[in-house]
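Scroll down for the structure; my scribbles are underneath it.
The values are calculated or read from the model by the stated rules, or taken from the named source; none is laboratory data. Source: prediction; values computed, not measured. Quick reminder, even Gly has a Cβ in these numbers, built from the backbone with ideal geometry, and neighbours come from all protein chains shown.
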Amino acid sequence: MTRLPLSLSAGALLAGLSLLASTPAAAATPKFCPQIFLPVCAVAPNGVNETYGNSCMARVAHARILAPGRCLGPICFFVVEQVCARIPGHRPQTYSNLCLAEVAHATLIHKGPCK
């Protein structure tokens, strides 16, 4: 059993870091993410919107971040709180609300209509 130097293991604990190695390829090149819960909504490589614990975890999973916070869809209520969002390869577009933008896999640019 290999032991880490006390300063290294204690430092990792104090920093709240964890090793993410979900696939063999990831195990070869480990990625450290803080264990801070700041959820983001992101579209996973399989095309499904998922809520990740933070933006680092989403990037490690090769997901494209759509907006801060939990994912709102797939069923959206018609509440008008316009947001400006963009689907990659397209121009920014005004959506009636963040939920509709997330369902369209559009990345939030800002709250309010696009200018």
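Tell me whether the stretch 36-53 contains one or more residues that are of a type outside the set (Phe, Trp, Tyr), exposed (fewer than 15 other Cβ atoms within 10 Å of the Cβ), assigned to a loop (DSSP other than H, G, I, E, B) and touching a Gly at 6+ places or on another chain (Cβ under 9 Å).
yes
Test residue 86 against the criterion of being loosely packed, with under 14 Cβ neighbours inside 10 Å, closer than 30 Å to residue 115 by Cβ and modelled with pLDDT of 95 or more, and give yes or no.
Spelling it out, it is not the case that residue 86 is loosely packed, with under 14 Cβ neighbours inside 10 Å, closer than 30 Å to residue 115 by Cβ and modelled with pLDDT of 95 or more.
Would you confirm whether any residue within the stretch 51-61 is touching a helix residue (DSSP H, G or I) at 6+ places or on another chain (Cβ under 9 Å) and modelled with pLDDT under 95?
yes
Considering the stretch 80-100 alone, what residues qualify as being part of a loop (DSSP other than H, G, I, E, B) and closer than 20 Å to residue 39 by Cβ?
The answer is 81, 97.
Answer yes or no: is there a residue in the stretch 93-113 that is out of contact with any strand residue (DSSP E or B) (no Cβ under 6 Å at 6 or more places or on another chain), farther than 16 Å from residue 51 by Cα and either of a type in the set (D, E, K, R) or in contact (Cβ under 8 Å) with a residue 60 or more places away in the chain (or both).
No - not one qualifying residue is present in the stretch 93-113.
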